Every structure is written in structure tokens, then in C-alpha cells.
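**Student:** My questions all concern the structure below.
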Amino acid sequence: MFFNKPIYIAGPCSAESEDQVMKTASEIIKTPKVSAFRAGLWKPRTRPGSFEGVGAQGLKWLNKVQSELNIPVATEVANAKHVEMCLEADIDVLWIGARTTVNPFLCQEIAEALRGTKKPIFVKNPINPDLNLWLGAIERISSAGIEEIVGVHRGFSTHRAGNYRNDPIWSIVGELKSKMPNLPIICDPSHICGEREKILEISMKATKLGMDGLMIETHITPEKALSDADQQITPKTLNELLNVIDDLNITLDNGSNDEILNVLREEIDLVDRKIASCLIERFNVVRKIGEHKQKNSMKIIHTERWQSLVGKLVEQAERNGVSRITVESIYEIIHSHSIQVQNDIISKSST
Ligand code: PEP
Ligand code: MN
């Protein structure tokens, strides 16, 4: 494997000049924990007219970082042409940005261009909170034979007036992890926060959640950066931040030797078994209701009854500190499965 955990990627949002790249990288390597130096060459800007990156001329600056500073380099690719140029220049690591992950055509095109290489590929989450788009992009890259893929959580654009530029949705990270347990997933607090003051807080949160590393935008003079100036930190701040994170990692353990946690886990295992038995019992009753409805030619869906049932459950849950959305989402799945069960009974009897 190319990377050991924790994976720390640092470097400017954009490569701006040879001088800026070399000065930033020379300072960053003073923090030996950094696994790779990042710098965007082709910048996907929301509106034309802002700095769109230096393009292919930056490849040789990244080559200079590789040869003079002996640290792997990473850049963003958004189409097959970018991939070809990066492979030609032997860039060590490529990442797919949020605006590309949303586009299955581009992801497929990038995957085809990568076929036959063994470069590690980082896949950022898509702009919108859609786990399947993220999964789909990873699957396309993986189907092209890439063995080392890393997910990057950079937050989602949710149109809510939240505290962050792109809201982190940790539950989606959890779902990705449960679908792909071997996939390392790191956090990009810079694009989540949009402002440097919040980067430490989000980095700590990601670490406490057990994420596998961080990608942090780092610039020799952040306030003068040509893109994302507010969310970049200096190499010195990066060093301090990674020291805090490493200390935090040492104090966190997975809890396997903690007696209280073990007792609580036994308790929760018991509750989960009860939930499973209740579900089985519920679907047995659903089946009996289905047979009764079928015999007596009754409608399957009774919206009012269902709404009043869920309404009562939401009330009970909210009184006990469980949110409406939690109960509604669980019951949405239960309801659709119940309808399916009854539908099957009716279809079987009519064949
Ligand atoms: C970047 O890393 O500079 C970038 C453009 O990120 P994202 O795709 O997460 O917006
Ligand atoms: Mn950026």
C-alpha cells in the first residue's frame, strides 16, 4: 500500500507559481507526518472569470517537488485528458473532485484513462448528499483495476444556512464505511469549513469518529491565495494542528478492553435481538392481515390509518428525545416492506 494511516495530505488549493509551490512544499515537509503534497492545477470554479488554475505548466513544478523534496505529489483530475497528462508526468496520486464525482460519464472516462495504472486515487464526495453517486464513482475506478482508493469527505452543499461552507454529514460517511469496510476515508475540513478558524474543530471531530486522515489546504501566505483564501492555513499552523490530532489519536482507543463499554455492548446486542424478533413478529401479523384482505377483497393501502400510527409513534419518540426524522425514516422502510408482503400474497392468489 502506498499510504500508511493516518493519511495526511497538505498543500495549497491551487498551484499558483513555481515559487509558491516550492516555498509551501519546503515548509510542509518539515512536518514529517504529511503523506503527500497537494496542489490543484485545473480548478473547477463555479463561475468563469475567477482563477482557473495554471494548467499543465504546473506539472513540472510538482515534478520539482518530487525530485527535490522527496514527497509524493497529488493533484485533481476532472477528465481523461488531465489523467493522461498526469500519468505522463508521473504524478503520484490523483483525486476526483466533488464536481466530477457527480458525473458518471466523467467518472467512467477517468476510470478508462486510469486502466492499467496502480496510482492511488482519492474520490471526494459529490456536491449533493447522494451516497450512491459517491459509491458509483468509487466502483467505476475500482472496476478499472485501481487497488488503492481513498474516500474524501469534503461536506455537502445542502442549501441550508448552516455553520459551514459545505455541511458535513457524518452518517453518510458511516454508510459508505459499512458498505465498503476496507475503504479508508479521510476528511477535508478546509472545504467543509470554508474558514480556517473552524478547521481544528472539524479535524478533531473527524478523528474522534475514527476517520483515516485529513486533507488540509495549506499555503505559504494563505490570505494572498488566488483560490479559497479563507480556508487555507500556514504550514506552521498545519504542524501545530497535526500535533494536536496525533495526541488525540493516542488517547483514543477502540474500546475493546474497556469493561463498561463491553457491558453496554452486551446490553445493546440484546436490544438489537429484541428489535429483530419484533420485526419478525410484525411481518407475521402483516402476512395474516394480507391474507384476510385478500379473502375479503379489501384494499391494501390505508393511508389515514398509517399516518395516524406513525404520528402516535413520533409523539412517543419525541417525548423521549428521539427525533421525528428517525422514526419516520425507519417506518418508511417498514411500511414499504409491509405493502410488498401483502402485494405478494395478492399476486400469488391471482396467478
Ligand atoms: C479542491 O480540493 O481544491 C477542490 C476543488 O475540492 P472540492 O472538489 O472538494 O470542491
Ligand atoms: Mn480548494
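Throughout, read-outs are computed from the coordinates displayed, never taken from laboratory work. These figures come from a predicted structure and were not determined experimentally. Positions of Cβ are generated from backbone atoms using ideal geometry, with glycine treated the same way; all protein chains shown enter the neighbour counts.
**Student:** Return the ratio Rg/(2.2 N^0.38 Å) for region 258-349, where Rg is computed over Cα atoms only.
**Tutor:** 1.37
**Student:** Here's something else I'd like to know. Looking only at Cα atoms, what is the convex hull volume of the chain per residue, in Å³?
**Tutor:** Numbers: hull volume 65.9 nm³, N = 351.
Hull volume normalised by residue count: 188 Å³.
**Student:** Using a 10 Å cut-off around each Cβ, can you sort Leu309, Leu114, Leu226 from fewest to most neighbouring Cβ atoms?
**Tutor:** On the way: Leu309 13, Leu114 23, Leu226 19.
Ascending Cβ contact count within 10 Å gives the list Leu309, Leu226, Leu114.
**Student:** In addition: Give the residue from Leu261, Leu133, Ile334 lying farthest towards the positive end of the charge dipole for the chain; charges sit on Cβ (+1 for Lys and Arg, -1 for Asp and Glu) and the dipole is referred to the Cα centre.
**Tutor:** Ile334
**Student:** Compare the Cα positions of Gly151, His219, Ser203 along the charge dipole of region 136-289 (+1 at Cβ of Lys, Arg; -1 at Cβ of Asp, Glu; about the Cα centre) and return the one farthest towards the positive end.
**Tutor:** Gly151
**Student:** Please give me the summed charge of the neighbours of Lys81: other residues whose Cβ is under 11 Å from its Cβ, Lys and Arg +1, Asp and Glu -1. If you can, show how the numbers build up before the last one.
**Tutor:** Numbers: positive: none; negative: Glu84, Glu88, Glu109.
Summing Lys/Arg as +1 and Asp/Glu as -1 gives -3.
**Student:** What are the radius of gyration and Dmax of region 195-347, computed over its Cα atoms and given in Å?
**Tutor:** 25.6, 76
**Student:** At 7 Å along the Cα-to-beta-carbon direction for both Asp253 and Ile172, put a label point, then send me their distance in nm to one decimal.
**Tutor:** Modelled inter-label distance: 3.5 nm.
**Student:** Could you work out how much longer the chain between Lys23 and Thr326 gets when fully extended? Use 0.36 nm per residue separation minus the Cα distance between them, nm to one decimal.
**Tutor:** On the way: separation 303, 0.36 × 303 = 109.08 nm, distance 4.93 nm.
That works out to 104.2 nm of additional length.
**Student:** Now for a different question. Can you sort Arg99, Arg47, Arg38, Arg154 by how many other beta carbons sit within 10 Å, fewest first? Let's see the in-between values first.
**Tutor:** Working: Arg99 16, Arg47 5, Arg38 27, Arg154 22.
Result, fewest neighbours first: Arg47, Arg99, Arg154, Arg38.
**Student:** Kyte-Doolittle cut-off -0.5, length cut-off 27 Å along the helix's own axis using Cα: show which whole DSSP H helices in the chain pass. Please list the in-between numbers first.
**Tutor:** Values: long enough: 259-295 (55 Å, -0.31); 324-350 (38 Å, -0.10).
Going by DSSP H runs, the hits are 259-295, 324-350.
**Student:** Quick one: Cα convex hull volume of region 199-288, Å³ per residue? Don't skip to the answer; put the middle values down first.
**Tutor:** Numbers: hull volume 13.0 nm³, N = 90.
Convex hull volume per residue, Cα atoms: 145 Å³.
**Student:** Report the number of Lys pairs in region 258-349 whose alpha-carbons are under 26 Å apart, with separation of 8 or more residues or on distinct chains.
**Tutor:** Eligible lysine pairs with Cα atoms under 26 Å apart amount to 10.
**Student:** Using the structure shown, select from Lys33/Lys81; Lys30/Lys198; Lys119/Lys224 the pairs with a Cα to Cα distance greater than 28 angstrom. Display every interim value, and only then the final one.
**Tutor:** On the way: Lys33/Lys81 32 Å; Lys30/Lys198 23 Å; Lys119/Lys224 32 Å.
Among Lys33/Lys81; Lys30/Lys198; Lys119/Lys224, the Cα-Cα distance tops 28 Å for Lys33/Lys81; Lys119/Lys224.
**Student:** How far is it, in nm, from the label point at Arg99 to the one at Asn79 when both lie 7 Å from their Cα along the line to the Cβ?
**Tutor:** 1.2 nm
**Student:** Order by neighbour count: His82, His302, His159, His153, fewest other Cβ atoms within 10 Å first, most last. Present the calculation step by step, with values, prior to reporting the outcome.
**Tutor:** On the way: His82 21, His302 12, His159 8, His153 27.
Starting with the residue having the fewest Cβ neighbours, the order is His159, His302, His82, His153.
**Student:** Right, here's the next one. Show me the three semi-axes of the equivalent ellipsoid for region 35-127, from the C-alpha gyration tensor (sqrt of 5 times each eigenvalue), largest first, rounded to whole Å.
**Tutor:** On the way: eigenvalues 84, 55, 27 Å².
Equivalent ellipsoid of region 35-127: 20, 17, 12 Å, largest first.
**Student:** Evaluate the distance, in nm, between pseudo-label points positioned 7 Å from the Cα of Ile268 and of Arg45 along their respective Cα→Cβ axes.
**Tutor:** The two pseudo-label positions are separated by 4.7 nm.
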